[in-house]
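In what follows, a structure is listed as structure tokens, so that the remarks can point back to it.
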Amino acid sequence: MNPEHLDPLAGLRAYQMPEALHWWPPAPGWWLLCLLALLVTLGLVIRRRRRRRGRSLERLALRELAELKASWAERGDVLTVSRDLASLLRRYAYARYPGDDAAGLCGDAWIRYLGRRCEQAPAAVRASLGGDLGRSLVDLPYRPLHASPDDEPDVEVLAHAAEALIRAGGRAAKTRTGGPGSS
């Protein structure tokens, strides 16, 4: 008797293992995953830069405001400090909201713009924008250097309001981007 007839599996060859898989080139799914990871990383970097830029604008504006207060305390020149304060607020608004058409605004339109942009400012500051504070911000850059002392604005009130407006602009930017730690 032939042994092959007795055992039908006797004619099979031994096990053959497939060749080992190489790590390069990766499968298309890995390419897509790498591309997705790269896009997510790029998006996070851009978001972080924008957030840092906004915070640095606020920090620089507050630093300049502190310098203006120190200058006022040292020299007591109310009109120059008031003019510089009005200029600081205008430059801050241009830098914080570059897409707005605020450059051409003056008078009541400028005050309304500040009121819209600083909705998160304290209610007292927003209300004063429509009153003496708003008039001071509009009139100070054009007031004569040797104006009467009765017309001089209260620099402390102006500086406090400017600080509140700058901080409100920073808070508005944080709420638009989700704030720190809201990822």
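The values are calculated or read from the model by the stated rules, or taken from the named source; none is laboratory data. As the structure is a computational prediction, the values presented were derived from the model and not from experiment. Neighbour counts run over all protein chains shown; Cβ positions are idealised from the backbone, glycine included.
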Worksheet item: Before we move on, is Ala109 out of contact with any Pro (no Cβ under 9 Å at 6 or more places or on another chain), modelled with pLDDT of 80 or more, surrounded by fewer than 16 Cβ atoms within 10 Å (Cβ to Cβ) and not hydroxyl-bearing (Ser, Thr, Tyr)?
Response: yes
Worksheet item: Which of (1) over 20 Å from Arg53 (Cβ atoms); (2) in contact (Cβ under 8 Å) with a residue 40 or more places away in the chain is the odd one out, the single condition Tyr113 does not satisfy?
Response: (2)
Worksheet item: Does Ala121 fit the bill of being in contact with a helix residue (DSSP H, G or I) (Cβ under 9 Å, 6 or more places away or on another chain), surrounded by 19 or more Cβ atoms within 10 Å (Cβ to Cβ) and not in a helix (DSSP H, G or I)?
Response: yes
Item to complete: List the number of the failed condition for Asp84; all other conditions in (1) acidic (Asp, Glu); (2) farther than 21 Å from Arg143 by Cα; (3) surrounded by 16 or more Cβ atoms within 10 Å (Cβ to Cβ) hold.
Response: (2)
Practice prompt. State which residue pairs qualify: first residue over 15 Å from Ala164 (Cβ atoms) and inside region 116-140, second residue crowded, with 20+ Cβ neighbours inside 10 Å and polar (S, T, N, Q) in any location, beta carbons under 7 Å apart, and separation of 6 or more residues or different chains.
Written response: Leu140/Ser82
Worksheet entry | Exclusive hit being surrounded by 13 or more Cβ atoms within 10 Å (Cβ to Cβ), more than 30 Å from Arg83 (Cα to Cα) and out of contact with any Pro (no Cβ under 7 Å at 6 or more places or on another chain), set Arg55, Arg13, Arg47 | Arg47
Discussion item. I want to confirm something. Restricting to region 59-98 and keeping residues that are within 17 Å of the chain's Cα centre (by Cα) and not in a helix (DSSP H, G or I), which single residue is farthest from Leu133 (Cα to Cα)?
Written reply: Pro98
Practice prompt. Take region 124-136 and flag every residue that is assigned to a helix (DSSP H, G or I) and surrounded by fewer than 13 Cβ atoms within 10 Å (Cβ to Cβ).
Written response: Ala124
Discussion item. Based on this model, can you work out whether Arg48 counts as under 22 Å from Ala159 (Cβ atoms) and charged (D, E, K, R)?
Written reply: no
Fill in: Test for Leu158: is it modelled with pLDDT of 75 or more, surrounded by 15 or more Cβ atoms within 10 Å (Cβ to Cβ), more than 17 Å from the chain's Cα centre (by Cα) and not in a helix (DSSP H, G or I)
no
Item to complete: Please specify each residue of region 137-155 satisfying the condition of being modelled with pLDDT under 80 and either β-branched (Val, Ile, Thr) or not in a helix (DSSP H, G or I) (or both).
Response: Arg143, Pro144, Leu145, His146, Ala147, Ser148, Glu152, Pro153, Asp154, Val155
